[in-house]
Amino acid sequence: MKPKPMVFLDTETTGLHEDRRAWEIALVRREDGITRTVTIFIDVRDIPLDQADPTALEIGRFYDRHPEFGGTLPPGAVHLRESEAMALVAEITAGAELYGLNPLFDTECLEAAMRRHGRTPNWWRTPVDIAVLARGFVIGQGISDNPHRGTDRLSAQCGVEAPGADDRHTALGDTLWLVKWYDHMTAAAAA
């Protein structure tokens, strides 16, 4: 049986509230030995900034990084209206098992955006939380019977450093961290 495609993902959003909007989305899809990486910035016409939590925007450095506020569009990134972005998200996540840190936070936000544009998510059931895998890894590898709760410290406990300040709390930086973390754990477990 062919393995399911894997998609690692992260979003930067306008807050923690139920009606939050993603303004940056990063996806890394692996299938049949091919890796596809996409970073999407959402057009500000589709982001109700008047409802955004200023602290959340500050953590993600929205006004410094979003291309409509003077940020530079990173190589390979796209700047799209939300409807176009959700078509791309639907394509990349179709049939895939999703991996993230507290991935329900991201998938709930993306599901709401997809519904706004008449789309239904087609990814595989419940996403996988890398932190849950990491806690099992730390215990199973005999590293500790008390895994750290904070993700940066838990990642370090697994042998993978968290991203530096420039990459942390960027959708792509955090997604690439997840990929590295997952790969490290699976390689160590297989050894």
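The values are calculated or read from the model by the stated rules, or taken from the named source; none is laboratory data. Bear in mind the structure is a predicted one, so any value in this text is a computation, not a measurement. Heads up, the Cβs are rebuilt from the backbone with ideal geometry, glycines too, and the neighbour counts pull from every protein chain shown. Quick note on the areas: whole protein, heavy atoms, side chains included, nothing else; ligands and nucleic acids left out. Shrake-Rupley method; radii C 1.70, N 1.55, O 1.52, S 1.80 Å.
Using only alpha carbon pairs under 8 Å that are at least six residues apart, calculate the relative contact order of the stretch 1-51 and give it in whole percent.
Reported relative contact order: 31 percent.
Using each residue's phi in the stretch 148-154, evaluate 6.51 cos²θ - 1.76 cosθ + 1.60 at θ = phi - 60° and report the 3J(HN,Hα) Karplus result to the nearest Hz, with x for Gly and Pro.
4, 8, x, 5, 4, 6, 5
Quote the relative contact order of the chain in percent (integer), defining contacts as alpha-carbon pairs under 8 Å separated by 6+ residues.
Reported as a whole number, the value is 23 percent.
Given charges of +1 on the Cβ of Lys and Arg and -1 on the Cβ of Asp and Glu, with all other atoms neutral, how large is the dipole of the chain about its Cα centre, in debye to the nearest 20?
Result for the chain is approximately 560 debye, rounded to the nearest 20.
Using a 10 angstrom cutoff on alpha carbons, build the Gaussian network for the chain and name the most mobile of Ile143, Ile130, Ile40.
The residue with the greatest mean-square fluctuation here is Ile143.
Quick one: with all protein chains in place, what share of the accessible area of the chain is carbon or sulfur, to the nearest percent (1.4 Å probe)?
The C+S portion of the solvent-accessible surface of the chain is 51 percent.
Counting alpha carbon pairs within less than 8 Å and at least 6 residues apart, what relative contact order, in whole percent, applies to the stretch 121-191?
26 percent
Tell me what the chain gives for mean residue ellipticity at 222 nm when only DSSP H runs of n ≥ 4 count, each as -39,500 (n - 2.57), the sum divided by the residue total, rounded to 500 deg cm²/dmol.
That comes out to -12000 deg cm²/dmol.
The stretch 1-95: which GluC sites (Glu not before Pro) are DSSP loop and have at most 14 other beta-carbon atoms within 10 angstrom?
Loop-located and lightly packed - Glu18.
Once Rh is set to the Kirkwood radius over Cα pairs, what Stokes-Einstein translational diffusion coefficient, in µm²/s, holds for the stretch 11-82 at a temperature of 4 °C and a viscosity of 1.567 mPa s?
101 µm²/s
Once the piece of chain linking Ala189 and Leu16 is laid out straight, how much longer is it, given 0.36 nm per residue of separation minus the C-alpha distance between them?
58.9 nm
Dividing the convex hull volume of the Cα atoms of the stretch 81-154 by its residue count, what figure in Å³ per residue is obtained?
96 Å³
For the chain, with every protein chain kept in place, what is the accessible area per residue (1.4 Å probe, Å²)?
Result: 51 Å² per residue.
Quote the FRET efficiency, to the nearest 0.05, computed for Ala87 versus Ser144 with a Förster distance R0 of 30 Å and r equal to the Cβ-Cβ distance.
0.10
Connecting C-alpha atoms closer than 10 Å in a GNM of the chain, tell me which of Gly95, Gly118, Gly173 has the biggest fluctuation.
Result: Gly118 has the largest fluctuation of those listed.
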